[in-house]
Amino acid sequence: MAIRSASILSVLEQKREQFDSFDLHSSERRQQYLNAMRQLKDWPSLKIYEQLSTVSFPGSLPTEEWDHYASWQIPFAHDFHNHEESLLWVNQTIQNISTFAVDGSQIYPSKDISLPIALIQIGWFENRHTPEGLYEKDIRVDVLSPSDLGANNSGDPKERIVNMRRFEMEIQRIIEYMEHMGSHQQHRSCLAFLDGSLIASFAEAFEPSQQDRYIQSLLNLLRASETYRVPLVAYIDTTYTRDLITFLQYVFDLPEAPQLHDAQLLETYLEWGDRSPCWVCARGGLQSGQTGILHHYQEMRERVGFVYLKTNDNYPVRLEIPIWIQEMGWLDWLVDIVRCEVIIGRGYPYAIETADQTAVLRNEDRHIFLKVLQDWSQRENLHLKLSRKTVSKMQRRRVR
């Protein structure tokens with residue numbers, strides 16, 4: 001039965017006051033933090049560091065850009081009147097710069113298959129932005145066996161194991177690209193995109209052994225970027241991080257504001273193409289009193305920076321970078337390349353979007369996988385059974 005719009009509206013009207021109360025409270029807190037942001041513009045970074053000298057993880061710390069700009073807004077130097085003008089700028093800016101992105105997809109273990117098994121596929125896209133239109137698209141797969149999935153251990157969710165392996169494959173492919181480009185690249189000739197964060201805070205809820213695998217992958221990535229001098233940017237389209245909120249709370253002793261996030265505050269300052277100054281991420285644990293995942297980042301503990309960039313009508317996106325990029329004076333160049341990719345992709349980086357399309361596993365791919373698995377298990381005399389429902393679907397679709 002279809003959902004009734006009138007029923008939804010009726011419930012919303014009954015709870016109108018609850019929404020109004022939340023909005024009013026959020027607005028009051030937001031104004032307090034915006035006032036603090038205005039006050040902070042008069043503070044040099046030395047004063048900020050002195051204020052936070054006793055705080056181990058204050059959320060974020062300023063870089064030298066704070067003293068240089070003394071503003072929350074670093075304006076974009078160009079003003080386009082139409083899409084054609086923006087594409088002309090893109091062609092001049094990104095020509096002969098290679099951009100690279102990886103994404104992944106998976107088929108989780110299912111009750112439809114009698115053996116624990118999963119399929120992971122990663123796909124990548126390198127666009128060299130040459131007049132000849134040179135590019136590369138390809139995929140890589142892995143099959144997780146019952147042993148890989150820890151079938152004899154009921155403690156770990158199998159989906160989490162699949163996700164972790166997919167993450168490792170994506171990171172490893174970016175590192176391979178860096179090793180290849182770093183061996184012969186010229187000055188700032190490429191940019192690697194990571195679709196996600198360089199800070200694995202999501203893994204804080206996992207077992208220590210699983211945390212270690214995520215941390216090690218990201219440490220390997222950060223080290224490879226710095227070693228090979230291949231620029232890297234982690235693009236987070238929708239972010240609810242609160243590193244600046246935490247920072248302002250510590251500096252000005254502000255009340256808790258769990259409903260606020262950084263992008264909400266910076267929305268006030270940024271127009272399309274503008275960015276914030278670069279900050280060093282100094283995030284603590286997700287739970288009060290915890291040290292947080294960055295505590296385990298060894299020499300990279302204070303080597304991840306971030307900026308916010310306005311790329312569309314929504315809140316600003318978050319870009320995370322290895323801090324060496326800012327130290328080398330490459331950050332403006334990197335942000336320009338991100339702007340180019342966003343313009344080409346009409347609001348989202350084209351490289352990431354294309355990698356996603358390359359990697360995605362569709363329904364027909366699932367049935368191909370099951371058919372291959374079925375044929376192989378019969379040939380190898382393995383006792384594999386598919387549910388009657390799955391067999392029926394395969395027969396209807398005549399999977400070959």
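Just to confirm the filter: which GluC sites (Glu not before Pro) across the stretch 175-260 are DSSP coil and have at most 13 other Cβ within 10 angstrom of their Cβ? Please list the in-between numbers first.
Details: sites: E176, E179, E204, E226, E256; in loops: E256.
Within the stretch 175-260, the qualifying GluC sites (Glu not before Pro) (loop, at most 13 other Cβ atoms within 10 Å) are E256.
If you work out Rg and Dmax of the Cα atoms in Å from the coordinates, which of [x] 29.5, 95; [y] 20.2, 65; [z] 24.0, 74 do you get?
For Rg and Dmax of the Cα atoms in Å, the calculated option is [z].
For the stretch 272-342, place one equal point scatterer on every Cα, skip the solvent, and apply the Debye formula. What is log10 of I(q)/I(0) at q = 0.12, 0.16, 0.21, 0.28 Å⁻¹?
Calculated log10 I(q)/I(0) at the listed q: -0.39, -0.64, -0.91, -1.20.
With the Cα gyration tensor of the stretch 18-140 in hand, give its eigenvalues times 5 under a square root as the equivalent ellipsoid semi-axes, listed largest first in whole angstrom.
Values: eigenvalues 337, 189, 76 Å².
The answer is 41, 31, 19 Å, longest axis first.
For the chain, set up a Gaussian network in which alpha carbons nearer than 10 Å are linked by springs, and say which option among G123, G345, G329 fluctuates the most.
G329
Looking only at M169, M178, M328, which one moves most when the chain is put into a Gaussian network model with springs between Cα atoms under 10 Å?
Between M169, M178, M328, it is M328 that shows the largest mean-square fluctuation.
Quick one: pull the percent of accessible area on the stretch 187-326 belonging to carbon and sulfur, 1.4 Å probe, ligands and nucleic acids left out.
Details: 2410 of 5150 Å².
Of all accessible area on the stretch 187-326, carbon and sulfur atoms account for 47 percent.
Give the accessible surface of the stretch 187-261 per residue, rounded to a whole number of Å², with probe radius 1.4 Å and ligands, DNA and RNA excluded. Walk me through the intermediate numbers first.
On the way: 2880 Å² over 75 residues.
I get 38 Å² per residue for the stretch 187-261.
Between the stretch 59-95 and the stretch 252-318, what is the C-alpha centre distance in whole Å?
If you average the Cα positions of each part, the centres end up 18 Å apart.
Quick one: putting +1 on the C-beta of Lys and Arg, -1 on the C-beta of Asp and Glu, what dipole do you get for the chain around its Cα centre, in Debye to the nearest 20? Display every interim value, and only then the final one.
Details: 42 positive and 54 negative charges, 426 e Å.
The calculated dipole for the chain is roughly 2040 debye.
Placing +1 at every Lys and Arg Cβ and -1 at every Asp and Glu Cβ, with all other atoms neutral, what dipole size does the stretch 50-158 have around its Cα centre, in debye to the nearest 20?
Values: 5 positive and 16 negative charges, 119 e Å.
Charge dipole of the stretch 50-158: 580 debye, to the nearest 20.
Under the definition of Cα pairs under 8 Å and six or more residues apart, what whole-number percent is the relative contact order of the stretch 278-356? Kindly include the intermediate steps, with their values, before the conclusion.
Values: 81 pairs, mean separation 15.9, N = 79.
Value for the stretch 278-356: 20 percent.
Find the relative contact order for the chain and round it to a whole percent, using C-alpha pairs within less than 8 Å whose residues are 6+ positions apart. Write out the running numbers ahead of the final one.
On the way: 611 pairs, mean separation 88.8, N = 400.
For the chain, the relative contact order is 22 percent.
What fraction of the DSSP beta bridges in the chain is antiparallel, stated in percent and rounded to the nearest 5?
Of all bridge pairs located within the chain, approximately 80 percent are antiparallel.
Just name one of Q374, F125, S53: the one whose Cα is farthest towards the positive end of the charge dipole of the chain (beta-carbon charges, Lys/Arg +1, Asp/Glu -1).
Value computed over the given set: Q374.
The values are calculated or read from the model by the stated rules, or taken from the named source; none is laboratory data. Please read these numbers as outputs of a predicted model, since none were measured by experiment. Note: ideal-geometry Cβ built from the backbone for every residue, glycine included; neighbour counts use all protein chains shown. Side chains included, ligands, DNA and RNA excluded: accessible areas come from the protein's heavy atoms. Shrake-Rupley method; radii C 1.70, N 1.55, O 1.52, S 1.80 Å.
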